[in-house]
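As structure tokens, the structure follows; a few thoughts come after it.
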Amino acid sequence: MTCNRRKVQGGQWLWPVLVMLLMPATAWAQQIEGQVVDADGVPLPGVNVVLPEVERGAVTDAEGRYVVALLPVGTHPVAFRFVGFETVRDTVTLAAGETVTLDVTLVPATLDVDEIVVRGAGQPAARLNKASLGVSTLDARALDAVRGQTLGETLEALPGVTTLSTGPSIAKPVVRGLHSQRVVLLNAGVPQEGQQWGGEHAPEIDPFAPAQIEVVKGAAGVEYGVGAIGGAIRVKPRDLPATPGIGGEVSFNAFSNNRQAAGSVLMEGGMKALPGVGWRLQGSVRKAGDAHAPEHVIGNSAFEEFDGTVAVGYHRDRLGLDAYFSHFGTELGLFSGAHIGNADDLRRAIARGEPAVDYDFSYDIDAPKQTVQHDLLTLRAHYQLPSDDWLEVQYGFQNNQRKEFDAHRRFGDPLDEPAFALTLRTQTLEAKLRTRPRGRFFGVAGVSGMNQANRNTETGYLIPNFRAMTGGAFARGTWISGPWTLEAGTRYDVRWMEAFPRENLSSGAFVQRTHTYQSLSGVVGAIWQFASTWSLAANVGTAWRPPGVNELYNFGVHHGTAQFEVGDPDLTGERSVNLDATLRHASARASAEVSVYANRIQDYIYQFPTLDETITIRGAFPTFEYQQDDAILRGIDGQVRYALTDWGTVQAVGSVVRGTNRTTDEPLIAMPSDRLTLSGIVTLPRWGVLGSSELDVSGTFVRKQTRVPENADYAPPPDGYALLGVGLRTEVQWGSVPLSLSLEVDNLLDTSYLSLLHRRSGPQRRVAPARPAGHAHPLIVSSVLQTTRAKDIS
């Protein structure tokens, strides 16, 4: 077994009046929380967590997580018990107002003593054997440092992850050179469906909601289904409290560049009258004005966002039930200078490299703009069978409404009617059976289905109406023996789609087109822990995806990217074969994870510019056509961290991607630049009212992308750049409530830079910088306070 603990002295707060109500109960305001996994890193639901001396406990949920709240100050023994595994016993010491995170790894009881010693030699074992694919995780502490930013910006610090950006408010994650429909995003366990085909369609995720984000890199089609060619991103909300009491958080961030303010209010608790019931309410807001480049304002780049979540659950004995609802709503402006009146003006704008108009800063949002509303409802149940296996069922419903407003209309105000409006409704259902360990083997099998319909409600028909259904079945098993972990799995999926495009894409009557795709996914992986602090993992996986409706039938101006797109109805599906090898190290002072990979994709679909502008009544637009060739992506990414002393740590995070079009023997278009971040973290001594404090200094180095195909863009790639950042974080005790404060400067030297994948509301990468000097917000100020649950509700 292994235990991994970390103490949280600070957090986030409620309104002062609530703090005053809760202060008398601080003698019982402590708690422990964490996650229980097996030796392969797989979460274990149904583990009994018991503190016998205070007669309190909890049962881990479907993700292996638990919370035991309302504990007294002092040292308490704690035990973790699960059928088929060795019981883990430990002690935990709690100071006033303290939360201790205790993560535990259980080993099967059937292993002999020698094997238990090898697999459970302290805290590192869980990290060394977590997966045969490369996996990077942001926990709640790391997320607190970047709250208020987009999902893409949040993940950008992870190895192998970059961003595709269209303006300061739109950033989507790119995993090892792949994004959009090649990376499956799961929000609260449900595959996110929301017009993710668009380069400027960022994931509809509240930046304050996740408690943990996990990025799985490489072909992951067996577990995550159709489309997981590049991997998967799992966004996990925090666990619901299962013990009586009420608490909450209030978070606030301020960003200097675009004068953005962001905040969130959360309340949660359990009810004494209904043991096992937990609930949560959360609301958040972000509002920003126009972003700044070094010498000008980026006109009409303001945005505002309003989000909310409601969750309720019941967890007791063998049964768990959860209901989760989230709403995401945003209105965002698109850079006005990207919409050009004629071809000559377009070419002059590209050559000029900056806006022709001097814009004044404003919070106003005008056309061109987008509005997005996304609602998610999920119902989940898990039940421990008499055989001690676990049955899980999850249903999801999503409603996504997107409207894009053009800057020009022949008649009337452009804001009166969108250029096109899409409503996408998606229903999903998945059932899984997770087996308890039997000897050295355990596994999971399941079935899933999706029903989807897209409706275009305006005159513009960039995306046609369509219906789609997907069904699949999968099985994956894991076998453990001594230092070896072996896994294998397979999946079969079928997708049927019925679309209603125009007969000749550009003209003619609407016609019915039916497509059926089906194929297998598979994985074989192994982990070898060849020393107490080292392991080597290897994985061979294959995944696939059908062409998207946009790739088949797009024809028209895509206002969000200010480009004219042309689809190809004859495109076929993509097939990926991915090889991945990962070296891991975990010891008391050092940790490392370095991966090398090769992802060969047959019939890779991509956009390529024709270099001929398309003239429409709305103006002149660069033209992009969907094409299909064989491709291969090779690379290396990793993270190394070393504690020089008890108060000083250094870290390096880097990634290199090499994409090649195997059909033309040219570099692949739109690949991320080489990237390296070096940082040093110093733990400062406590002083006066200041508690735990950290100072970090970082340098990010991005190399100019020289591997680009000829005639692949309207301007040459931007130069490389280096950024210097500094951050200071501290904690202050406000009565019984901890207050966390941070100050971050992303670009201390105010360096002017431009990234290859940071698009300016269009492919013309020199019209105006999407990322102003020093990121979208070089100065970030945030404050967080927290109350713990300390008042019973009956």
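The values are calculated or read from the model by the stated rules, or taken from the named source; none is laboratory data. It should be emphasised that the depicted structure is a prediction, and the values quoted were computed from it without experimental measurement. Don't worry about glycine lacking a Cβ; one is built from the backbone with ideal geometry, like all the others, and counts go over all protein chains shown. Accessible surface is based on the protein model in full, side chains and every heavy atom, while ligands, DNA and RNA are left aside. Shrake-Rupley method; radii C 1.70, N 1.55, O 1.52, S 1.80 Å.
A few comments on the model shown:
- For residue 287, the lysines whose Cα comes closer than 29 Å to its Cα, not counting residues fewer than 8 places off in the same chain, are 172, 236, 369, 403.
- Extension gain for residue 616 to residue 728 (0.36 nm times residue separation, less C-alpha to C-alpha distance): 35.2 nm.
- Accessible area of residue 130 in the full protein assembly, 1.4 Å probe (Å², nearest 10): 60 Å²
- Cβ-based charge dipole, the stretch 600-732, positive-most Cα from 656, 723, 609: 723
- Overall, the stretch 185-307 carries a charge dipole of about 380 debye about its Cα centre when +1 sits on the Cβ of Lys and Arg and -1 on the Cβ of Asp and Glu, all other atoms neutral.
- Here the spin labels are modelled as points 7 Å beyond Cα on the Cα-Cβ line, and at residue 512 and residue 362 they lie 4.8 nm apart.
- The residues 647, 534, sorted by heavy-atom accessible surface at 1.4 Å with ligands and nucleic acids left out, run 647, 534 from largest to smallest.
- Inter-probe distance in nm under a simple model that places probes 7 Å from Cα toward Cβ, at residue 625 and residue 538: 4.3 nm
- In this structure the stretch 235-786 gives 41 Å² per residue of accessible area when probed at 1.4 Å with all protein chains present.
- Area accessible to solvent at residue 447, 1.4 Å probe radius, in Å²: 80 Å²
- The tail of the calculated P(r) for the stretch 235-786 beyond 43 Å holds 28 percent of all Cα-Cα pairs.
- Heavy-atom accessible area order for 81, 259, largest first, 1.4 Å probe: 259, 81
- Area of residue 436 that stays accessible when all protein chains are in place (1.4 Å probe, Å², to 10): 70 Å²
- The stretch 235-786, accessible surface, carbon-and-sulfur percent (1.4 angstrom probe): 58 percent
- Partner aspartates and glutamates for residue 432 [C-alpha distance under 17 Å; skip if fewer than 8 residues away on the same chain]: 61, 63, 223, 322, 388, 389, 392, 493
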